[in-house]
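Novice: First the structure, then my questions, so here it is.
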Amino acid sequence: MVETIIKTTISVMVSGTIGYLVSQMKGLKSIKQSLMIMLQSNLTNTYFAYEKIGKIPDYVYKNWLNELKGYEALKGDDYVHVLAEKMKHWEIVKTDILEK
């Protein structure tokens, strides 16, 4: 009798834990998607902010490349890579910010 109560209690606890973990994983998917959208938006905004002048400060470009790595890790689509290819032809303005 005691063994049955213990087994039932453990079974309920395990089921509840698994259910909780599954619900959290669904939340992680939406967090991942939200993060990808924010990165995509920032990458695009930064691109168009500097596109007309055709040059970009080195620290902004470094941040842009780091964001691009994060975007790629989240399996972002290829349109941002089109922007990255175009940016390769821009002048990168050296600043003293990265030297410190």
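Here, each number is a calculation from the coordinates, and none is a lab measurement. Because the structure is a prediction, the values reported are computed rather than measured. Every residue, glycine as well, gets a Cβ built from its backbone with ideal geometry; the counts of neighbours run over all protein chains shown.
Novice: Considering only region 83-100, state which residues are surrounded by 10 or more Cβ atoms within 10 Å (Cβ to Cβ), under 26 Å from the mean Cα position of the chain (by Cα) and without any contact (Cβ under 8 Å) to a residue 40 or more places away in the chain.
Specialist: Correct list: ALA84, LYS86, ILE92.
Novice: Filter region 50-100 down to the residues that are of a type in the set (S, T, N, Q) and within 27 Å of ILE31 (Cα to Cα) and list them by number.
Specialist: ASN63, ASN66
Novice: Follow-up question, since we're still on this one. Look through region 66-82, keep the residues that are surrounded by 13 or more Cβ atoms within 10 Å (Cβ to Cβ) and aliphatic (A, V, I, L, M), and return whichever of them is nearest to MET36 (Cα to Cα).
Specialist: Applying the filter and picking the extreme gives LEU74.
Novice: Please go through region 41-61 and pick out each residue that is under 19 Å from the mean Cα position of the chain (by Cα) and exposed (fewer than 14 other Cβ atoms within 10 Å of the Cβ). I'd like the intermediate steps shown before the answer.
Specialist: So in region 41-61, the residues under 19 Å from the mean Cα position of the chain (by Cα) come out as 41-47, 60-61.
Listed by number, the residues that qualify are SER41, THR44, ASN45.
Novice: Find the residue count for region 41-82, including only residues that are touching a residue at least 40 places away in the same chain (Cβ under 8 Å) and in a helix (DSSP H, G or I).
Specialist: Residues that pass the stated criteria total 5.
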